[in-house]
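Novice: Starting off with a structure, shown below.
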Amino acid sequence: AAAAAAEEERVALAGGESSFTGVAAWETSGRRGGRVGVVAVAAAAVAAFGAGALVGWAATAGGGGDGGAATAVPGLQPEEALGDVAAVATDDHRCSDVGLKVLRDGGGAADAAVAAALCLGVVHPHSSGIGGGAFALYAPAASIEAGGDAGVGVEVIDSREKAPAAAHRDMYVNASDRSLVGGAAVAVPGELLGLHTLWSRHGNKEWAELCEPAAALAEEMTVGPSLAAALAGSGESLRQTSPVASRPFFHDAGSGQPLGEGDVLRRPELAATLRRVGALGPRAALYSDDVARTLTAEIRAAGGIMTEADLTQYEPTIRAPLSASVLGGTLYGVPPPSSGGATIIQALSIIGGYESPLVGVDASLRAHRLAEALKHAFASRMALGDPAYAPNVTAVLADMSDADFNAALRAQTSDAAVLNLTQYGGEWNQLPEDHGTSHLSIVDAQGNAAAMTTTINTHFGSKVISESTGIVLNNEMDDFSTPGQVNAYGLAPSEANFVAPGKRPLSSMSPTVFTRADGKKVVVGASGGPRIISATMQALVRLLLLGDSAYDAVHAPRIHDQLIPNECMVEDRTLADGTVISVAQKVRQGLEQRGHEVVPTESVGVCQLIAVEGSSGRLHAVSDRRKGGRPAAF
């Protein structure tokens with residue numbers, strides 16, 4: 001009866017307003033076909049898992065995953081999975097299944113993260129891969145089971161790319177295209193060494209075993225919709241930059257049209273590289289001797305400056321996570337050179353301080369408060385950079401997590417209208433937009449959690465593909481700021497993010513773990529450049545403040561406002577199956593009346609989320625259908 005009443009309420013809410021908080025009132029339906037039979041879902045879940053299946057924040061249970069890897073619950077969406085033991089959420093079902101098999105075979109979250117990340121780099125070579133970098137947040141169960149007050153053992157493995165030793169701050173002045181395409185755009189990749197570090201510290205399976213699924217897919221795989229779309233949009237640039245190594249991505253031995261969805265892709269050089277990495281380890285297989293010499297020579301031949309020493313001397317960095325008390329629990333995020341953790345913490349701190357943060361308020365006011373909190377946080381973000389090169393970062397981080405500082409920002413924010421731009425404070429400069437990425441979230445049988453975001457930046461990175469290894473190389477040098485490039489708003493570039501030898505560029509990657517004293521946990525992150533921050537933050541708000549189900553927390557329409565440009569972006573998208581993900585017109589009008597420059601956009605990030613019930617330990621895994629992902633659980 002309660003489920004039936006909730007369904008009636010949901011139908012009434014489509015594009016409207018209500019005090020009902022189980023589903024945010026500003027969403028237009030994100031379900032396939034406009035609505036889903038909640039009664040049938042509830043009945044199936046209760047029958048399969050008992051009456052406790054729909055307790056707490058999980059108003060909708062889940063099931064899914066392909067190949068029989070996940071528990072099947074009739075009537076549930078394919079983008080959600082329900083388990084009692086372990087779960088994996090990635091943006092491709094093959095990689096969720098790869099990770100889940102590792103967990104079924106006795107591996108832990110770190111092992112599954114390695115296998116799933118390598119898999120994502122193969123099936124989505126336009127977004128991630130061992131030619132790029134990553135941030136991994138690892139949270140052992142023992143360190144967070146009591147609410148995470150101490151957080152002992154929680155750590156961040158930073159394998160973000162670095163600028164080569166020959167790089168300098170003016171290298172892209174009057175030559176901005178060189179930071180996007182070609183060898184000069186390639187920063188020293190670190191993902192593979194980061195994965196190996198995660199495994200060596202927390203894994204228990206054989207390293208080679210974790211590399212093999214990705215190698216097998218590199219030998220032969222089916223092109224999915226995300227890769228097909230990327231090839232349709234960026235394929236010609238890829239072919240022009242790497243005419244030989246790009247041939248597998250095209251018909252007729254490289255001279256024909258780009259491969260489409262359902263076509264077979266074979267990359268034997270990459271398969272051989274991954275098997276060599278599995279047999280020898282990454283240092284011996286890729287970061288030393290002849291292989292490193294050949295790889296860096298290929299980069300220089302494409303116009304780059306990387307040397308063998310740049311590659312062989314790369315080391316991942318182990319960092320302490322950022323942590324803060326927000327939304328009734330403890331949130332762990334990644335520190336600089338990623339801006340994600342600090343920006344999310346500040347935005348949530350501002351939102352959480354309202355007497356009635358978002359519940360029971362007008363839907364457009366709710367969206368306005370979210371946008372204003374994001375603008376304040378993005379203003380602070382402008383001062384962030386690699387802490388080894390930007391000495392003021394520590395002070396900026398202290399402000400961003402300070403309750404009194406954020407209370408003052410909240411106090412000056414008006415519910416009636418936006419502020420003048422200069423009232424948002426912060427360092428008034430511009431930061432380049434990062435792009436791309438893939439995210440994965442994992443919880444293992446022991447309760448250990450891994451959240452990892454990996455990237456090569458824009459689609460196919462630098463468009464340089466190594467002929468000897470098959471690796472698609474990043475263009476992370478474009479994430480640095482360039483002196484003298486004033487943007488359309490008259491803002492100077494960020495000095496904290498200028499190029500320097502060995503420096504890591506600022507990132508938006510936001511792998512996040514949230515925990516409460518009652519044992520409830522959320523493992524979440526997203527892909528999509530700076531929109532990662534907005535997507536991750538709003539998923540947490542919906543789950544923890546609004547009481548949404550895990551599914552709705554991921555799939556409800558989102559907004560994004562990063563202050564510069566002065567636009568409030570609202571999702572307005574129709575998926576291939578006809579499902580509409582769109583912020584309601586009434587909410588858009590309310591934002592405009594308060595002074596926001598409302599701009600429709602197709603997507604505000606792609607989320608992968610796992611919510612863990614405190615009492616039962618049941619896991620609700622959700623992959624974002626915006627990119628066609630599917631989770632897996634058992």
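Novice: Between residue 279 and residue 576, what's the calculated FRET efficiency when r is the beta-carbon distance and R0 is 35 Å? Round to 0.05. If you can, show how the numbers build up before the last one.
Specialist: Numbers: r = 40 Å, r/R0 = 1.15.
That gives a FRET efficiency of 0.30.
Novice: Determine the shape class of region 217-346: with a ≥ b ≥ c the square roots of the Cα gyration tensor eigenvalues, call it rounded for a/c under 1.5, and otherwise prolate if a/b is greater than b/c, oblate otherwise.
Specialist: Here region 217-346 falls in the oblate category.
Novice: Between residue 300 and residue 255, what length in nm is gained on full extension when 0.36 nm per residue of separation is reduced by their alpha carbon distance? List each step's numbers first, then the result.
Specialist: Details: separation 45, 0.36 × 45 = 16.20 nm, distance 2.54 nm.
Computed gain between residue 300 and residue 255 is 13.7 nm.
Novice: If each of residue 407 and residue 237 carries a label point 7 Å out from its Cα toward its Cβ, how far apart are those two points in nm?
Specialist: Spacing of the two 7 Å Cα→Cβ label points: 4.8 nm.
Novice: Could you go through region 219-225 in sequence order and give the Karplus-derived ³J(HN,Hα) for each residue, using 6.51 cos²θ - 1.76 cosθ + 1.60 with θ = phi - 60°, rounded to whole Hz, and x for Gly and Pro?
Specialist: 4, 6, 8, 9, 5, x, x
Novice: Relative contact order of region 437-583, please, whole-number percent, based on alpha carbon pairs below 8 angstrom and at least 6 residues apart.
Specialist: 16
Novice: Let me ask another. So what's the net charge close to residue 618: Lys and Arg +1, Asp and Glu -1, counting the other residues with Cβ under 12 Å from its Cβ?
Specialist: With Lys, Arg at +1 and Asp, Glu at -1, the neighbours total 0.
Novice: Quick query: amide H of residue 571 versus all other amide H atoms, modeled in the peptide plane; which residues come in under 5 Å with a sequence gap of 5 or more or a different chain?
Specialist: 558, 583, 601
Novice: Can you give the net charge of the other residues whose Cβ lies under 12 Å from the Cβ of residue 193, counting K and R as +1 and D and E as -1? Kindly include the intermediate steps, with their values, before the conclusion.
Specialist: Values: positive: 160, 162, 283; negative: 158, 161, 191, 315.
Result for the neighbourhood of residue 193: -1.
Novice: Points 7 angstrom from Cα along the Cβ direction at residue 585 and residue 264: gap in nanometres?
Specialist: 5.0
Novice: Right, here's the next one. Subtracting the Cα-Cα distance from 0.36 nm times the residue separation, let me have the gained length for residue 392 to residue 312 in nm, one decimal.
Specialist: Gain on extension, residue 392 to residue 312, equals 25.8 nm.
Novice: Note the full-extension length gain between residue 517 and residue 272 as 0.36 nm times their separation in residues minus their Cα-Cα distance, in nm to one decimal.
Specialist: Between residue 517 and residue 272, full extension yields 83.5 nm more.
Novice: If you filter region 241-292 for trypsin sites (Lys or Arg not before Pro), then keep DSSP loop positions with at most 12 other Cβ within 10 Å, what is left?
Specialist: Sparse-neighbourhood loop trypsin sites (Lys or Arg not before Pro): 266.
Novice: Sort 109-121, 388-400 by packing, meaning the average of other beta carbons within 10 Å per residue, with the highest value first.
Specialist: 109-121, 388-400
Novice: Could you sort out which of 162/521; 101/521; 375/627; 521/586 sit more than 29 Å apart by Cα distance in this structure?
Specialist: Values: 162/521 33 Å; 101/521 22 Å; 375/627 26 Å; 521/586 34 Å.
From the list (162/521; 101/521; 375/627; 521/586), the Cα-Cα distance tops 29 Å for 162/521; 521/586.
Novice: Sticking with this structure for a sec: Compute the Cα gyration tensor for region 502-575, then decide on rounded, prolate or oblate, letting a ≥ b ≥ c be the square roots of its eigenvalues: rounded whenever a/c is under 1.5, prolate when a/b is larger than b/c in the other cases, and oblate in all that remain.
Specialist: Cα axes put region 502-575 in the oblate bin.
Novice: OK, next. Mind checking which aspartates and glutamates have their Cα closer than 13 Å to the Cα of residue 520? Skip sequence neighbours fewer than 8 apart in that chain.
Specialist: 145, 613
Novice: Show the residues, 5+ positions off or on another chain, whose built amide H is closer than 5 Å to the amide H of residue 128.
Specialist: 456
Novice: Further, regarding this structure: Beta carbons within 10 angstrom, averaged per residue: use that to sort the peptides 438-445, 511-518, 349-356, highest first.
Specialist: Numbers: 438-445: 31.1, 511-518: 24.0, 349-356: 17.4.
Result, highest mean first: 438-445, 511-518, 349-356.
Novice: What nm value, rounded to one decimal, do you get for the distance between residue 174 and residue 104 when each label is placed 7 Å out toward the C-beta?
Specialist: Label at residue 174, label at residue 104, 6.1 nm between them.
Novice: Here is a follow-up. Per residue of region 226-235, in order, report the coupling 6.51 cos²θ - 1.76 cosθ + 1.60 (Karplus, θ = phi - 60°) as ³J(HN,Hα) in whole Hz, putting x for Gly and Pro.
Specialist: Those phi angles translate into 5, 5, 4, 5, 5, 5, 5, x, 10, x Hz.
Novice: Also, I was wondering about something else. Relative contact order for region 328-385: what percent, with Cα pairs under 8 Å and sequence separation of 6 or more?
Specialist: Relative contact order, region 328-385: 44 percent.
Novice: Tabulate in residue order the Karplus-calculated ³J(HN,Hα) for region 278-284, using 6.51 cos²θ - 1.76 cosθ + 1.60 with θ = phi - 60°, rounded to whole Hz; enter x for Gly and Pro.
Specialist: In residue order, the calculated couplings are x, 7, 10, x, x, 5, 6 Hz.
Novice: What is the sum of charges around residue 266, taking Lys and Arg as +1, Asp and Glu as -1, for the other residues whose C-beta is under 11 Å from the C-beta of residue 266?
Specialist: Neighbour charge sum, excluding residue 266 itself: -2.
All of the numbers you see were taken from the coordinates with simple rules; none came from a lab. Keep in mind it's a predicted model, so treat the numbers as computed, not measured. We place every Cβ from the backbone using ideal geometry, glycine too, and count neighbours over all the protein chains shown.
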